[in-house]
Amino acid sequence: MPRIVVDVMLKPEILDPQGKAIVGALPRLGFTSFSAVRQGKRFELTVDGEVTDAILAQAREAAETLLSNPVIEDVVNVEVVEA
Amino acid sequence: MTELPLIGEAAAAADASGARELAGARIGVVTFPGSLDDRDAARAVRLAGGTAVSLWHADTVLADVDAVVIPGGFSYGDYLRAGAISRFAPLMSKIVDAANSDAKLPVLGICNGFQILTESHLLPGSMIKNDHLKFLCRDQVLRVENNSTMWTSDYAAGQEITIPLKNQDGQYIADEKTLDALEAEGRVAFRYVGFNPNGSRRDIAGISNAAGNVVGLMPHPEHAVETGYGPESNAGTDGLGFFTSVLNKLVGGAK
């Protein structure tokens, strides 16, 4: 069944404590090449049947209204992934 | 109610007729799945002399309440974002409409309730994780910056009050333009004094909407309404003024 994937990231200027904690932990494991980490959210919306333009539009609207808060977050990607 | 009140009795003794009128004012307290402080908020309403009305998030009518408190807690476990799912509760759309209507329903959001009000866009900005990343619980000093709102009129302008603060996502943020507008319009209702406990922009602890009927703050006035149970300063009852403010405004007919 096809899924619509929605990716949400905190806006660049918003503190991301999870990302900060991860970037602090990476060098302790020997991963020394990464200077910053930002952690986002990935939503997978399963669709029973074909993903029509109308359904994709619904997903975009849901992404802007419920899945993200435009004050602190950006919807960075909405795409269809076939199963 | 059997619990009654040193404070309520004192208020009643001072002006028995006024107390009867206050009791006629109905303050709704909304319970969401995961609300924590709804019973304390209802108790605070009663101690201040009003009638508390329990509201359920899935209700579709506001039950003729004169004002609404959206209490603290962890509605929906803070899943997605604090307040993000509660914002779409059936009762919230009624509250948003009533708050924005000519009737200007008074609404107070405390802690998670404040987060729900920002998610509802009744108040601008948002709350993110405390800058020190830890849950913090302490007695917090606030300055009342605006005593002309429906929920702050019983305080003096500039009065410092001490009430409990307890949260993890308490850092108030908004863009600079929004912050400047809040300051210019006198909509910063409360500021942290002495210590900013969460990195909130410009030490903001609470704000109001333009009309002054909607107020949100992170600290908990409903936990400081009874002698012996709140912070040690000022008998621990510094939070009572929120509830007496709205009751007096409602009874006085001033909006």
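Residue B:58 fails exactly one of the following numbered conditions: (1) of a type in the set (A, V, I, L, M, F, W, C); (2) surrounded by fewer than 19 Cβ atoms within 10 Å (Cβ to Cβ); (3) free of Cβ contacts under 8 Å to residues at least 12 places away in the same chain; (4) in contact with a helix residue (DSSP H, G or I) (Cβ under 6 Å, 6 or more places away or on another chain). What is the number of that condition?
So residue B:58 meets the others, but not (3).
Condition first: within 14 Å of chain B (Cβ to nearest Cβ), buried (at least 17 other Cβ atoms within 10 Å of the Cβ) and of a type in the set (Val, Ile, Thr). Now tell me which residues in region A:39-74 satisfy that.
A:71, A:72, listed by residue number.
Inside region B:106-121, can you point out the residues that are within 14 Å of chain A (Cβ to nearest Cβ) and touching a strand residue (DSSP E or B) at 6+ places or on another chain (Cβ under 7 Å)?
Residues satisfying the conditions are B:114, B:115, B:116, B:117, B:118.
If I ask for residues that are touching a residue at least 12 places away in the same chain (Cβ under 8 Å), in contact with a helix residue (DSSP H, G or I) (Cβ under 8 Å, 6 or more places away or on another chain) and either surrounded by fewer than 21 Cβ atoms within 10 Å (Cβ to Cβ) or within 14 Å of chain A (Cβ to nearest Cβ) (or both), which ones from region B:122-161 would you list?
Selection gives B:122, B:123, B:124, B:125, B:126, B:127, B:129, B:139, B:153, B:154.
Please enumerate the residues belonging to region B:61-80 that are among the aliphatic types (A, V, I, L, M) and in contact (Cβ under 8 Å) with a residue 24 or more places away in the chain.
B:61, B:62, B:63, B:65, B:67, B:68, B:69, B:70
Name the single residue, out of those in region B:96-120 being assigned to a loop (DSSP other than H, G, I, E, B) and in contact (Cβ under 8 Å) with a residue 24 or more places away in the chain, that is surrounded by the fewest Cβ atoms within 10 Å (Cβ to Cβ).
Looking at the filtered set, the residue picked out is B:104.
Computed from the coordinates by the stated procedures, all read-outs in this text should not be read as laboratory data. What you are looking at is a predicted structure, and each value in this text was computed from that prediction instead of being measured. All Cβ positions, even for glycine, are placed from backbone atoms using ideal geometry, and neighbour counts span all protein chains on display.
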